[in-house]
Structure formats: structure tokens, C-alpha cells
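A short write-up of the structure that comes next.
Just so you know, all these numbers are worked out from the coordinates, no wet-lab data involved. Predicted model only: the values in this text are computed from it and were never measured. Every residue, glycine as well, gets a Cβ built from its backbone with ideal geometry; the counts of neighbours run over all protein chains shown.
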Amino acid sequence: MTTILPNNILAFTYPTERKGDSCPLLWDLRDPPSSAAQLVSYPRKHRSTTDFKFLQSQHATTPPITALRILCDLLPYRRWKITARNDQGVTVGDVLAAIHQVARMPLTITEWERLPSKHQERIKRVFDVRWRGAVIPEQERKGGVKRVDCLLQVGFSSFLQSPTQH
């Protein structure tokens, strides 16, 4: 069986193994993937003014795979399935787009009702901050609570791989 390794920009490293952040990427999930910031220098030979565009075009794994299921213990429901797909090989950009797409989905009434009331109150506060800070606040408010609000201001800091080939 072939070992599949994540791209360094996405790979999780426990903070105790090295000083600093656990991933070279910082991203507020309320914002589009294009807003993600690279925190740690990528190899010098790839440095340019288009670093992040370059990184997004790189394969998410070595060797490249066509589908990648992303698992996250922070998500309150297992049915929030995040899968990045690309017939030419899943890229870093594909991973970020898949995460963003799932995070921006509205929370269902059933999901909301299953949350403890204390958690619902915290989510309401996060939702209020999000819609008030939107470019078109009323439109965002009408869209309701989204899954990203349930993360309570948690940002993306890495992924643990669970590749699936189809």
C-alpha cells in the first residue's frame, strides 16, 4: 500500500514538536479561501509575488489522489462531509474550496434543535458578529446561521488526511 502524505501547507504538526503555529496557513473560515495567509516560508525556489496562488495549485498530497475526505473533530455533526475532488489530482485550492463550501452551508433546524441551549447562545453571538460585518449585512442575516458559526470563531489550521479513491 502506498503511503500518502499531505502537502506541507496543509499538514498538521503538533505544536509541541516545533515552536510556533501548527500549520503554515492561517485562514478565517468565514472568509473565502483566497483570504488565507501563508505564515511560514515555502521553499525559496517557489517564492514570488504569487506564492499563495502557486500553493493553491499544488497537489494536496504526494502522490496525487483524485478524492480526499477531510475529517474534523471540531464539527458537531459527522454528516458534515467534506470531500475535495479533482480528476487531475486534488490541489490545496480544492481542499480549501471544499472546506469553505461546507462551512457556508445553512444549519438545519434539526441540527440547531440538537444543540444545547448554552451552545445555541454562543452561536447566536458569533452569527450576529458575522452578519453585521458582512458587505451586505441584511442579505447575510437573512441567510441565517451557517455551519461556520458553530465553530465559534475557530479558523483553519490544518487537516488530517483520509484519502479516498473513487
Notebook entry, point to check: Separation between the Arg141 and Thr2 pseudo-spin-labels, each 7 Å from Cα along Cα→Cβ, expressed in nm?
Noted result: 5.2
Note to self: Using 0.36 nm times the number of residues separating Thr62 and Gln101, minus their current alpha carbon distance, what extension gain do you get?
What the structure shows: 11.6 nm
Notebook entry, point to check: So, counting K/R as plus one and D/E as minus one, what does the shell of residues with Cβ under 13 Å around Leu96 add up to?
Noted result: -1
Check: Ranked from highest to lowest mean number of other Cβ atoms within 10 Å per residue, what is the order of the peptides 25-35, 113-123?
Finding: 25-35, 113-123
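Quick check on the exposure proxy: order Met105, Met1 from fewest to most C-beta atoms within 10 angstrom.
Met1, Met105
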Check: For labels at Thr83 and Arg125 in the simple 7 Å Cα→Cβ model, what's the distance in nm?
Finding: 3.7
Note to self: Quick one: the Cα spread of region 98-148 along its three principal axes, in angstroms, biggest first?
What the structure shows: 30, 25, 15
Margin query: Can you give me the distance in nm between label points at Ser35 and Lys118, each placed 7 Å from the Cα along the Cα-to-Cβ direction?
Written below: 3.0
